[in-house]
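Please treat every number below as a calculation from the coordinates, not as lab data. Since we're looking at a predicted model, the values are computed, not measured. As a convention, Cβ positions derive from the backbone with ideal geometry for all residues, glycine included, and neighbour counts pool all protein chains shown.
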């Protein structure tokens, strides 16, 4: 794979690791300090002309000024948006957003089947169902990592096709609606930025691997 593409994809993977963790875990004080107060989100590791990416970057740069207030607001938003014990207003599960050709049960099952075909199982200490967005993003980053390690063109092309197939089947059909729900219901710019960032990163990776 082209060296420039490798570096760009590493940057997108870093962003997806961060964003996925913010969807799966209740935000901690360490998270606020590391990502916001230390300035990591002021300068993202990749640039993009994708309007959604630019919107996400603006939201993230303008968010989280006060550590204590930010942590509380993020926790409140997490509970309202994603926590199954909360409302939740934007549940991060593929099976909640079935398209006209798939039932929710089939969608949840097929995500797991895709993982099984690669002998992959999430090792994240927090257990979540196969169709949870953070688990799907973790699998996506694993495939992108594998693609970068391949040094022969036929294998690399096949892996690119597999990544795009996974995105086609398990991310792009429902992330736009999930992102819309987050934008509509989030009280923090942080989570509005994170949902747009996920949407944009998935779109950009799909385009890069075309």
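Panel order for 31, 190, 147, by other beta carbons found within 10 Å of each beta carbon, from fewest to most: 31, 147, 190.
Mean residue ellipticity at 222 nm, helices only, the chain: -20000 deg cm²/dmol; runs of at least 4 DSSP H residues each add -39,500 (n - 2.57), and the sum is divided by the number of residues. Based on the alpha-carbon gyration tensor of the stretch 3-208 and its eigenvalue square roots a ≥ b ≥ c, which shape applies: rounded if a/c is under 1.5, prolate if not and a/b is larger than b/c, or oblate? Because a/c hits 1.5 or more and a/b fails to exceed b/c, the stretch 3-208 counts as oblate.
Need one word for the stretch 36-137: rounded, prolate or oblate. Basis is the Cα gyration tensor (sqrt eigenvalues a ≥ b ≥ c); a/c below 1.5 gives rounded, then a/b vs b/c decides. Don't skip to the end; give the middle numbers.
Details: a/c = 1.96, a/b = 1.62, b/c = 1.21.
Since a/c reaches 1.5 and a/b is larger than b/c, the shape of the stretch 36-137 is classed as prolate.
Mind checking the angle between helix 189-208 and the chain's longest principal axis? C-alpha axes, 0 to 90 degrees, to the nearest 10. Taking the Cα atoms of the chain, the angle to 189-208 is about 10 degrees.
Footprinting exposure proxy ranking of 29, 203, fewest other C-beta atoms within 10 angstrom first, gives 29, 203.
Working from Cα positions, state the angle (0 to 90°, nearest 10) between the long axis of helix 104-117 and the longest principal axis of the chain. Tilt relative to the chain: about 60 degrees.
The stretch 143-206 and the stretch 29-83 have Cα centres separated by 19 Å.
Only Cα pairs under 8 Å and 6+ residues apart enter the sum, and on that basis the relative contact order of the stretch 1-137 stands at 23 percent. Peptides 191-197, 119-125, ordered by how many other C-beta atoms sit within 10 Å of their residues on average, highest first, read 191-197, 119-125.
Structure remark: mean-square fluctuation, Gaussian network model of the chain, C-alpha springs under 10 Å; the largest value among 35, 53, 139 belongs to 35.
The long axis of helix 51-61 is offset from the longest Cα principal axis of the chain by roughly 40 degrees.
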